[in-house]
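Everything on this sheet refers to the single structure shown next.
Read-outs throughout are calculated quantities, based only on the coordinates presented, and are distinct from any laboratory measurement. Here the structure is a predicted model, which is why all the values come from computation and not from measurement.
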Amino acid sequence: MFGDVPRVDDYRKPRWWKRSIRSYWLILVILPFVLILVVLGALFLQGVMALTELLKYAAVTSVFIATAYYIRRIASPKFWRMIWIFFIGVGGIGTLISLVLLGVFGKTLVLLLGPGPAFLLSFGVTIALGALLGDYIGKRRGYRPLA
C-alpha cells in the first residue's frame, strides 16, 4: 500500500524555489531581522529598552536563522529522520500525550507515587511514545519534509 512512497533523496524543490532562493532568503529572513534589529536599537537609544533584551533578540534570532539555513541546505535522510523523531514526534506528538496524561492521570499519579516519580514516569512515557510515533509517521512519509 505504501511501498512506493518517495524517499527524501527523491524530493525536489519547486522550480520557483531553485531559481531565486537568494532573493527569497533576503526578503523573507534577513531583511525583517535587520529591520527589527534597527527598531530595537532605536528603542535602546531612547532608553525604552534594555541592552540585554536587544542582545538576546540578536543572539536567539541569529541561531534560528543559521539553523533554518542549515536545514534548507542539508537534505540527508538521517537528518530528516532526526527532525521527524525529535521535533514532530517528541516535540509535537509528545506534548499532546503529556497534556492528556496530566489531564487524565495527573492527580491520581501524584497521589499514588508523589510528584517526583509521577513526573518522571509521565515524562518518560511522553518521550518514548512521541519518538516511536514520530519515527513511524516519518517512515510512512519516507522522511520527507512537511511542505
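Full extension of the chain between V125 and Q46 yields a length gain of 23.5 nm, computed as 0.36 nm times the residue separation minus the alpha carbon distance. Couplings 3J(HN,Hα) of the stretch 35-43, computed from phi: 4, 5, 5, 5, 5, 5, x, 5, 5 Hz, in residue order, whole Hz [Karplus 6.51 cos²θ - 1.76 cosθ + 1.60, θ = phi - 60°; x for Gly and Pro]. Residue-wise HN-Hα couplings along the stretch 131-138, as the Karplus relation 6.51 cos²θ - 1.76 cosθ + 1.60 with θ = phi - 60° gives them from phi, are 5, 5, 5, x, 5, 5, 5, x Hz; Gly and Pro carry x. Amide H contacts of M49 (H built 1.01 Å from N, in plane; Pro and chain starts excluded): F44 sit under 5 Å, all sequence-distant by 5 or more or on other chains. Computed from backbone phi with θ = phi - 60° and the Karplus coefficients 6.51, -1.76 and 1.60, the 3J(HN,Hα) list for the stretch 82-96 is 4, 4, 5, 6, 7, 7, 7, x, 5, x, x, 5, x, 5, 5 Hz; x is used for glycine and proline.
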